[in-house]
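Novice: Before anything else, here's the structure in question.
The values are calculated or read from the model by the stated rules, or taken from the named source; none is laboratory data. From a predicted model like this one, the values you see are computed outputs, not experimental measurements. Don't worry about glycine lacking a Cβ; one is built from the backbone with ideal geometry, like all the others, and counts go over all protein chains shown. Accessible surface areas use protein heavy atoms only, side chains included; no ligands, DNA or RNA. Shrake-Rupley method; radii C 1.70, N 1.55, O 1.52, S 1.80 Å.
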Amino acid sequence: MRSDRYKKGYSGDGKKRGRFAAFTRKWAVLYALITVAVVAFVLYADILDIKTLLIGLAVIAVLFLITFPAMFFRSFKNTRRILCFVLSVIVTAGYGLGSFYLGATLGFFSSITSVGATVEDYYVLVRDDDEYNHLKDIEGQTVVTYENGDGFAQAEDKLAEEVSVSFVKSESLSDATDGLMSGENDVIFINAANYTTTVDDNQVFEDSTKVLEKIRVRLETEDLSKRVNVTKKPFNVYISGLDVSGDIGVQSRSDVNMIATVNPETKTILLTSIPRDYYVEFPNQGGAWDKLTHSGIYGIDDTIAAAEKLTGLEMNYYAKVNYTTVETLVDAIGGITVHSDYTFVTHGMNVYYQFYEGENQLNGSQALAFARERKSFPDGDLQRNRNQQEVLKAILDKVLSSSTLLTKYTSILDSIKDNVELNMSANDIKALVKMQLKDMSGWDIKTQSIIGPSGYEPSYAAGGLYASVVLQDQDSIDEAVNNIKRTMGIEVPEDDEASGDAGSSGDASGLAAA
């Protein structure tokens, strides 16, 4: 009787081991397929440098050789089979996590480098106390316009399809808006950027008018890139920060204007800020002159053309960001720490914040307000440029920290993938990532700002009316351009050296280490 019980117990254990062996054999086949799929995905992604790739493939091969035989072949002891099964599950989980991050990275590259059509919004505006409440109410009326953008003809046609009206063009933006306020004009039709410009100059205008209808048009975008081998040759990226939230494709004023000069061989980045109100020539508008910020009304191609005319330098690529980019990114990384040169309160925004001289902990909304403020400072735009650089450096410091990248990686990508447009190819970005992974060395980030005196000059976007601007200072421009050339490894002639060695103009236009 006792012997029979032992035989039954042994037989039961044998059956369990047999079932487990059959299970691990099937799992081993699935594990092999998963391993092949992961290797294929890594090779397809092409984001790792050759050294890192070979090390990674070697680790995968070793783990596979350790685990697969023990799970597939019956000759191995059950103890080893169990250990290898557990290890394979852990490895598979690691493959899943790694593939998730890699997939998110590729999706991010694809999202930010997909340069599609830009959009431009136009507003049908009436007085707030008028009887017009629906678009049909303006049937048969005369609509006063002030537009010279590429999208206006398309917007005009769209409006005419919805309601029968006649159009009369005003000589200036202020004639159109002042006429609406005074009752001379019943209806005006202007783009969103000009509406924002008017509201900034006259708060009463926003309170006493209403938007009856918004017309959105789409404009095709040409390829503006001047491509180089980004891992071997220096290049310039023009950073344009639009004064709107939401869709990155919406055309609007370019309130942040920076040239990021990248030298991949010396691992140096130079950020050059240009005041938003810098008085520049618009080559794409027949050589008209206006504030640099107004170039954004006509599209990124006009902003790039104006910057190239100003500096005589080629902008290889551009990056477009907006208010949403800053807010969501800063919140995604858990806030930033910035240094303020002044104690001040923000002006002209929907929310008001107090900042203090010294260190400030900021969330996304606060960071945006800190970067936008200019009226609180003696030198206005110039201090705003410094604050924008401070915010950008704080973001870079936080994002590049290992703990932030590890814990918030996907949050960072999700926060900006729909709010950044970069006309650099995904393959170029991959090449830069592979280069960085190869040596993992740090970058030397420096900043400088172009300066100039205040002035009052005709504004092309406002129909020739005079507006406050920052006039060009040729010495400051020459110095900044020479510093960019030096960063790019271009020899500056001795005759140009006197116009400004690094730091010769102090904080205003000299170089400052990040």
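Novice: Can you tell me what percent of all Cα-Cα pairs in the stretch 77-211 are more than 23 Å apart?
Specialist: Value for the stretch 77-211 (Cα pairs over 23 Å): 53 percent.
Novice: If you don't mind, another one. Would you work out the charge dipole size for the chain about its Cα centre, treating the Cβ of every Lys and Arg as +1 and the Cβ of every Asp and Glu as -1, and quote it to the nearest 20 debye? Don't skip to the end; give the middle numbers.
Specialist: Working: 48 positive and 70 negative charges, 1405 e Å.
Around 6740 debye, computed over the chain.
Novice: In whole angstrom, and with the biggest value first, how far do the Cα coordinates of the stretch 385-455 range along each principal axis?
Specialist: The principal-axis extents, from largest down, are 46, 26, 24 Å.
Novice: Using a 1.4 Å probe and ignoring any ligands, DNA or RNA, find the accessible area of residue 54 and quote it in Å² to the nearest 10.
Specialist: Around 100 Å² of this residue is reachable by solvent.
Novice: Can you give the Rg to Rh ratio for the stretch 314-439, taking only C-alpha atoms and Rh from Kirkwood? Mind showing how you got there, number by number?
Specialist: Details: Rg = 16.0 Å, Rh = 15.9 Å.
Across the stretch 314-439, the Cα-based Rg/Rh ratio is 1.01.
Novice: Compute the signed sum of charges (Lys and Arg +1, Asp and Glu -1) over the other residues within less than 15 Å, Cβ to Cβ, of residue 335. Please list the in-between numbers first.
Specialist: Working: positive: 393, 398, 408; negative: 327, 331, 359, 390, 397.
With Lys, Arg at +1 and Asp, Glu at -1, the net is -2.
Novice: From the gyration tensor of the Cα coordinates in the stretch 239-393, what semi-axes in whole Å does the equivalent ellipsoid have, largest first, with each one equal to sqrt(5λ)? Please report the intermediate quantities before stating the final value.
Specialist: Numbers: eigenvalues 137, 63, 48 Å².
Those come to 26, 18, 15 Å.
Novice: Still on this structure, I have one more. Kyte-Doolittle cut-off 0.0, length cut-off 30 Å along the helix's own axis using Cα: show which whole DSSP H helices in the chain pass.
Specialist: 50-72, 78-112
Novice: Now for a separate question. List the GluC sites (Glu not before Pro) within the stretch 91-169 that fall in a DSSP loop (any state other than H, G, I, E or B) and whose Cβ has at most 14 other Cβ atoms within 10 Å. Working shown, then result.
Specialist: Values: sites: 120, 131, 139, 147, 156, 161, 162; in loops: 131, 139, 147.
Filter output for the stretch 91-169: 131, 139.
Novice: Something else about it: Looking at 286, 268, 257, which one has the Cα that reaches farthest to the positive end of the dipole of the stretch 251-309 (charges on Cβ: Lys, Arg +1; Asp, Glu -1)?
Specialist: Sorting the options by dipole projection puts first 268.
Novice: Among bridges DSSP assigns within the chain, what percent are antiparallel (round to 5)? Walk me through the intermediate numbers first.
Specialist: Details: 48 of 68 bridges.
So the antiparallel bridges in the chain amount to around 70 percent.
Novice: In terms of modelled amide H atoms, which long-range or inter-chain residues lie less than 5 Å from the amide H of residue 213?
Specialist: Result for residue 213 returns 124.
Novice: May I pose another question? So what are the radius of gyration and Dmax for the Cα set of the stretch 89-133, in Å?
Specialist: For the stretch 89-133, the Cα-based Rg and Dmax read 24.0, 70 Å.
Novice: Let me ask something else. Cβ under 14 Å from residue 420's Cβ, residue 420 left aside: what net charge do those residues give with Lys, Arg +1 and Asp, Glu -1?
Specialist: Details: positive: 320, 417; negative: 247, 327, 414, 418, 421.
Local charge sum for residue 420: -3.
Novice: What shape does the stretch 184-242 take by its C-alpha gyration tensor, where a ≥ b ≥ c are the square roots of the eigenvalues and a/c under 1.5 counts as rounded, a/b above b/c as prolate, and the rest as oblate?
Specialist: On the way: a/c = 5.31, a/b = 2.58, b/c = 2.06.
Because a/c hits 1.5 or more and a/b exceeds b/c, the stretch 184-242 counts as prolate.
Novice: Name the chymotrypsin sites (Phe, Trp or Tyr not before Pro) in the stretch 319-415 that are in a loop by DSSP and that have at most 10 other C-beta atoms within 10 Å, would you? Don't jump to the answer; show the numbers that get you there.
Specialist: Working: sites: 323, 342, 344, 352, 353, 355, 356, 370, 409; in loops: 342, 352, 353, 356.
Of the chymotrypsin sites (Phe, Trp or Tyr not before Pro), the ones in loops of the stretch 319-415 whose Cβ has at most 10 other Cβ atoms within 10 Å are 352, 356.
Novice: Quick one: dipole size for the stretch 217-300, taken about the Cα centre, charges +1 on Lys/Arg Cβ and -1 on Asp/Glu Cβ, in debye to the nearest 20. Can you show the working numbers first?
Specialist: Values: 9 positive and 10 negative charges, 80 e Å.
Computed charge dipole of the stretch 217-300: roughly 380 debye.
Novice: Something else: Given that just one value was derived from the coordinates, which of (1) 210; (2) 250; (3) 955 is volume of the Cα convex hull per residue in Å³?
Specialist: Structure-derived value, by its label: (1).
Novice: Report the Cα centroid-to-centroid distance between the stretch 402-478 and the stretch 257-295 in angstrom, as an integer.
Specialist: After rounding, the separation between the Cα centres reads 10 Å.
Novice: Which Rg and Dmax, in Å, describe the Cα atoms of the stretch 416-479?
Specialist: Cα-based Rg and Dmax for the stretch 416-479 come out at 20.1, 55 Å.
Novice: Within a Cβ distance under 13 Å of residue 142, other residues only, what is the Lys/Arg minus Asp/Glu net charge? Provide the component values of the computation, followed by the final result.
Specialist: Values: positive: 169; negative: 139, 184, 186.
Every neighbour counted, the sum reads -2.
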